[in-house]
Structures are given as C-alpha cells and as structure tokens.
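Below you'll find the structure, written out as structure tokens, and then a few comments.
The values are calculated or read from the model by the stated rules, or taken from the named source; none is laboratory data. These figures come from a predicted structure and were not determined experimentally. Here Cβ is always computed from backbone atoms with ideal geometry, including for glycine, and neighbour counts include all displayed protein chains. Surface areas here come from the heavy atoms of the whole protein model, side chains and all, with no ligands, DNA or RNA. Shrake-Rupley method; radii C 1.70, N 1.55, O 1.52, S 1.80 Å.
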2 protein chains.
Amino acid sequence: MKVGYIGLGIMGRACAANLLRAGHTLSVYARRPESAAELVTQGARVYASPAELAREVEIVISNVSDTPDVEEVMLGEHGVIHGAHPGLIAIDMSTIKPLAARDIAAKLAAAGVDFLDAPVSGGEIGAINGTLTIMVGGKAAALDTARPVLEAMGKTITRIGDSGAGQVAKACNQIVVAVTIEAVAEAMALARACGVDPAPVREALLGGFAGSRVLDVHGQRIIDDNYAPGFKARLHQKDMGIVADTAAALGIRLDAASHAAELIQQLVAQGDGELDSSAIARLIASRRA
Amino acid sequence: MKVGYIGLGIMGRACAANLLRAGHTLSVYARRPESAAELVTQGARVYASPAELAREVEIVISNVSDTPDVEEVMLGEHGVIHGAHPGLIAIDMSTIKPLAARDIAAKLAAAGVDFLDAPVSGGEIGAINGTLTIMVGGKAAALDTARPVLEAMGKTITRIGDSGAGQVAKACNQIVVAVTIEAVAEAMALARACGVDPAPVREALLGGFAGSRVLDVHGQRIIDDNYAPGFKARLHQKDMGIVADTAAALGIRLDAASHAAELIQQLVAQGDGELDSSAIARLIASRRA
C-alpha cells in the first residue's frame, strides 16, 4: 500500500524501515530532514508537511512524542486533516491521552478520515524486529484495511474497542508494568535485607503464581543492578502522567499506580531519567522504616 | 522412606496421600483424629504425639497454620525435638516467619536434628496433583536426603539458601502476588471507567511486558467478578502479616506490600475473608477520587 510515516525517532525509523521491507510504498515527513536520510536511500520519498504527505497516501501513520505533537501533526495548520481525501486512514502509534485520541478521531471523522489509535509495547527491539504488540482503538473496518500495514511492524495486533481504547490499553499496560516492577523490587529488597541471595528467589518464583515477564526481565536487571534501558524512566514518567490525567478526568483513584509514578518521578528528578524505569528498585532498596 | 506427617488440613492430607502413592511408609499425627481416617484406610499409621511419631521415622513433616503451631509441634512439650534420633530430618511446609524458622532450626540442630523450612505455592490443586513449588531453606545435604520425599509432593524444588531462606522466598512470593493483583485490578478498573471492555485489554497485555500468571488467572477472575478461591483472602492476610513483621524486624519499608496488605485486611474486615484475595479488585473498582 501507499503509506506515509510521520515522526522518525528511534521507534519510527525502525517501523518505517519494516514497511519498506514488506514492500509498501513509503513516504515520510520528519521535522529534522536528516532523520529521513537513510530511509530515502532505501526508496522513501520526503514531503514538506503532514498535509502534503497525507494527500498522496492511503494510510498515514504518526509516531511522535506526546499528545500536543499528535494534535499538531493531525489537526494543525499543515496537519493531516488538510490532506484529507476519500479512503484515507490515519493511524497514531504514539502513546497519548485516551481522551485526546477520541477527540482527534472525532475531528478527523468530520473531515471523512478514519482514525486508529494504535500505541505499541515491545520497545526498540520490538520495533526493529517487527514484533511490536499493537493495541488498536477505532472502527473494525478501518483496522481490516490497515492490518497488512500494521503486520509489517507488529506481531500481535489486537482491536481493543472504539477510538481511544488502544490508548486505554496502553495506559493499563504501563500501570501493570510500573506496579509489577515495584512488587518485584520490594521482594528482592526483602530477600537482600534477610541476607538471602535474590537469584534463587527469582528462579523459584518464576515457576509459580508470582511468575511474570517483569520478574523475568526486570528481576534480572535488579539482581545485576544494571539499568541500561530497556524503557527509559523519563518515558515511563510521561506515560504515568497520562494515567494520572485520565484517572483524574474520570474521578477514579489508582493508589498503586500513583505510588509507582512517584518513585519514577523521584528517579527522574535525581537525574536518572535515562536509566531503565526498573531503577526505582534502587530507591526501594535504600528506604528505611 | 519412613515419613511422618503432622497437620492434616486440606493441604496436608493431599500431600500425605501423595507420599503414600509414591510408595513411602506413612505415619501421621493429627490433633483431630478424624482428619487421619482416610489415610489410615490407605495404610497410614497414627501416633499420639509429634514426639512419638518422630521417634519412628526418618523424615518428619509439619504442615500447620501459623508460627506458634510450628513451634509447638517442633519444640513443645510433646514436640518432634523429644523424638530426636540420629539422622532425623524435620521439614516444615507451613508458611511462617523467616526469623522463627531460623530459630527453630537452631534449636533442633542443638538436638542433632536437621531442619528444612519448605513452604509451598500452588494451592490445593498443586497439593492434590503433586505439582507444588517448594522453596527450601537449610543444609544442602539434608535437602539431598529429603528430595525424593519432596518430589512426591512438588514439581519444582529450589534450595534458596540457609535456614529461613525458604520462608523468605515465600514472603517474597506473597508480596509479588498481592501487589501484582493490585496492579491488574487498577488496570481493569481504569479500562472499565473509560468504557472499554477489559477482556481484550487482558488479552493484548498478556502478550507483552505486562504479561503474568496473575494477569492471566486473576485478571480473568476480575473480568468475571468471580472470586471463588483460589487462595483465600484470610490466608493471604496472614502471610502479609508475616511480611510486615519481617520488614519491621529488619527496619525496611515495603510501601507497595503494605498498601496491598491494607486492601486485603479491609476485604477480610468486611466479611469476605473466604473469597479469593483477588477480590480486592472490588474495593479498587469502588474507590472514587
């Protein structure tokens, strides 16, 4: 298909390269032209604005930093909405506020554009290998059309529900990961405080009800005290801000998520935002009653 | 081997039956003789006290309710210690305080008895099927001798470290399970508050970094609002009390574990102690900011 990609950061470049590899016709827009250089040598065409790009493709995908960036790219003065044409599907792979995703979907729908929110998990490795988990909100028919394109970038593509539902699932994902890291870190801290080697504790627990990907991967990071990312604390902090904003807008209380977010915030505040977010284990291990 | 079993509750009876099935010679002691009735018809011999039982066997196992019960059975007036003889190994499969397990081990060692703390996870189903995860603290040589007996009851038998280390691993297990339940419950609560079906959220998250046994099993319980145990809240409450006591004795702070323990405590206080501990999801879903 004719696909346009907007936002060529680490994740975006890897996804766009997989689109080329899968045989799609790729056009790109990047604020910094040098981000597009390698893709251009591989056959991608560069456009001067999201609107111009959108005009020429069947599917336009954004992968940018935060809610305002997606709003700008989709709805701004030179945004995708100004390149609207019959059949255009817009997909956002960034992690943004679920309520904002719904709003963007409604505005694009009014211009005749189907919008899918499609945030991912799986990180840089998943993006490079094309094995991302993609959580999709929006119309089932639009997803059916876009599925071959998403399949070039991800392994598990799940339609969660209507617009915004993909972002809700991503928020849920970030809650579970953050709080489970805290759980594992407290367990490892207890073992060490008792003079017990945490390595066989991790091993034994992996076989039972305490078993998780977080215990497996982050448990090992905690044991090794090696917090090379992985998923950077400052990005997890941004995502936990989305969780907090969403909970506040809905009037619900998420105590465990709030507590984990405070630890991540503390980690970033002390200058460790580039470490993996599981480095909150250091804060937990240094606490005294 | 000649094995004695003390404490014939739901878990104990299932474990003892597996010992018989594996061809071990079984003797039992139970406070309530009727608990032993079925095992007796299968060939088990009944003794009048832990001391008398211990005198006649190579390995004596306890599986009782709480720390004081284990102390009574092992060290009390008619306890195992008074049946000490060369080569006797005492094993406790109850979940008790790690520091108490170390103390019991030291007192039995002074009487020439090797002690292994060997708490389990896997619940009633695991006990019946002989697939328990067994976390062992104590001398490696004693575990080598006892391993064929433990293998009749469990699938994964891990030596964590010296005396008490098995109980430390079990405490870690209960922290991770409790806090991960809270994580999953908050995620499901957020999805519902957003008007999103939690079932595809669980599905999507299972494939990624948020994936865990808790998300799989308890996530489904939360979606179904079906809290038939499983692992009863009042037992999880007891175990979280052990976590809190241990943390206090060591002077460390486990904020997430404390918060999960409060929720379980609240559940028990409102009369729901017989429900699965994942029923804390109901409390979480009913909270408002």
Quiz item: Somewhere in region A:119-135, is a residue more than 7 Å from every other protein chain (Cβ to nearest Cβ), farther than 25 Å from A:ILE81 by Cβ, in contact with a strand residue (DSSP E or B) (Cβ under 6 Å, 6 or more places away or on another chain) and open to solvent by less than 30 Å² (accessible area, probe 1.4 Å)?
Solution: yes
Quiz item: Among the listed residues A:ILE264, A:ILE280, which satisfies the condition of being assigned to a helix (DSSP H, G or I), crowded, with 22+ Cβ neighbours inside 10 Å, away from chain B (no Cβ under 12 Å) and touching a residue at least 60 places away in the same chain (Cβ under 8 Å)?
Solution: A:ILE264
Self-check item: Unique residue being without any contact (Cβ under 8 Å) to a residue 12 or more places away in the chain, surrounded by fewer than 17 Cβ atoms within 10 Å (Cβ to Cβ) and within 9 Å of chain B (Cβ to nearest Cβ) when the list is A:GLY195, A:GLY208, A:GLY271
Solution: A:GLY195
Quiz prompt | Boolean, B:VAL70 is surrounded by 17 or more Cβ atoms within 10 Å (Cβ to Cβ) and not polar (S, T, N, Q) | solution = yes
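Looking at region A:230-249, which of its residues are more than 9 Å from chain B (Cβ to nearest Cβ) and touching a residue at least 60 places away in the same chain (Cβ under 8 Å)?
Result: A:GLY230, A:HIS236, A:LYS238, A:ASP239, A:MET240, A:ILE242, A:ASP245, A:ALA249.
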Quiz item: Which members of region A:232-261 meet the condition of being part of a loop (DSSP other than H, G, I, E, B) and crowded, with 20+ Cβ neighbours inside 10 Å?
Solution: A:ILE252, A:LEU254
Quiz item: Checking A:ILE10 against (1) under 17 Å from A:ILE91 (Cα atoms); (2) open to solvent by 50 Å² or more (accessible area, probe 1.4 Å); (3) within 18 Å of the chain's Cα centre (by Cα); (4) not basic (Lys, Arg), which test does it fail?
Solution: (1)
Quiz item: Taking only pairs six or more apart or across chains, which ones have beta-carbon atoms under 6 Å, a first residue in region B:55-68 that is modelled with pLDDT under 95, and a second residue that is in a helix (DSSP H, G or I) and buried (at least 17 other Cβ atoms within 10 Å of the Cβ)?
Solution: none
Quiz item: Which condition does A:ASP216 not pass, out of (1) at pLDDT 95 or above; (2) open to solvent by 50 Å² or more (accessible area, probe 1.4 Å); (3) at the interface with another protein chain (Cβ under 7 Å from one of its Cβ atoms), if it passes all the others?
Solution: (3)
Practice problem: Only residues in region B:21-35 that are β-branched (Val, Ile, Thr) count as the first member; pair them with residues that are open to solvent by less than 20 Å² (accessible area, probe 1.4 Å) and in a loop (DSSP other than H, G, I, E, B), Cβ under 7 angstrom, at least 6 apart or cross-chain, and list the lot. | Solution: B:VAL28/B:LEU8; B:VAL28/B:ALA44
Practice problem: Kindly list the number of the only condition in (1) facing another protein chain (nearest Cβ under 9 Å); (2) within 19 Å of B:VAL184 (Cβ to Cβ); (3) without any contact (Cβ under 8 Å) to a residue 60 or more places away in the chain that fails for B:ILE252. | Solution: (2)
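Please pick out the residue among A:ALA178, A:ALA183, A:ALA248, A:ALA244 that is farther than 24 Å from A:GLY123 by Cα and aliphatic (A, V, I, L, M).
Values: A:ALA178 fails: farther than 24 Å from A:GLY123 by Cα; A:ALA183 fails: farther than 24 Å from A:GLY123 by Cα; A:ALA244 fails: farther than 24 Å from A:GLY123 by Cα.
Answer to the selection: A:ALA248.
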